[in-house]
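**Student:** Here it is, the structure in full.
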Amino acid sequence: MNHLGLLQNSPTLLNQIIYISYIVVTIVFIVCGVLLLPIYIYVVKINKSRDKEIHLFALTTLFYGMIVQMYLIATIFVIFYLVLNFEDDIVGASKTILTFLFVYQLYITTQVFQIMLLRVALERFIVFFFPELEKYLKTLVFKRKWNIYVLVASKEILLLYWHFTSSEYYDHMFVVWFSRLSIIWFAIVLLASFCYIPILIKATPTHKTKLQKYLCWLTMQVLCVKLAYLPLLIPYAGSIQVLACSLIGLDIFTLPFIIEVSYLICDKRNMRVAISLVKRFQIAVGYLCGSRGEATVHPAEIQRERVNSVLP
């Protein structure tokens, strides 16, 4: 009987383990994204003059602005959340509104990123196999970022209006269809990442430009992260609404990490600059902790790292 009870409870135990794993992995992505943020900002600033000369500049500038915006709003949210006194009803309502606006802003920004990533993936796939079509597929979407923001935000406002003004029956239908569309959108972005696999296989080293390498790293990381997360979504498969929310949360909380890592590792120069910054930080920490003996040996090393960071 004990063995039978253990077998009956094992699915629940497995779901709990998977649920905890989902939370832990998500927290790891958030922490890693926060830790990489200063390195990412530093490398982008160092490369600003170089990136202006290549087509990569529009893309990296766009994603850089999105990341800084997300972290800035997150910082403001945390400050307000800690400062406000939530025992008061009015302040409690303010907390709810603030949380809603914060999450929705992240949700909208994530959708904008996915739209651009989807368009670029399809465009690069077509241009790689049909170069003559490139002049018809110029990436004008990067110059119209705010248009996309406005369209996505308008769409979400209309959906919210429908949600809060419709009857109970239509409200239930709204939740169901919203969940289905969220899952379908997740699948579309996932499938779009596969567009770069034939490019990676067939492209020669000389054909792989910096833009191509960056986009390949970016889409491949999106693909790997989404596929790695799929087993952790098993407990939510029974509820389409919970599954959709889990997928949305996955996209929101992994986005900063994916963008930061993709930029840092797509170029050897970026990696050298990042490693140089980490070494300087270690030296500074050692100096502040009293390791003056070690700190006196490192100025020459710092100078060498500066020289290496300037080299292409």
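Just so you know, all these numbers are worked out from the coordinates, no wet-lab data involved. Computed from a prediction, not measured in an experiment: that's the story for all the values here. Ideal geometry is used to build each Cβ from the backbone, glycine not excepted, and the neighbour counts take in all protein chains shown.
**Student:** If packing is taken as the average number of other Cβ atoms within 10 Å across a peptide's residues, how do 107-113, 68-74, 13-19 rank, most packed first?
**Tutor:** Ranking the peptides 107-113, 68-74, 13-19 by packing returns 107-113, 68-74, 13-19.
**Student:** I've got another one for you. Relative to the present Cα-Cα distance, how much length would full extension add between residue 132 and residue 224 at 0.36 nm per residue of separation?
**Tutor:** 30.0 nm
**Student:** Which pairs, out of 48/268; 95/155; 48/226, put more than 19 Å between their alpha-carbon atoms?
**Tutor:** Listed pairs above 19 Å: 95/155; 48/226.
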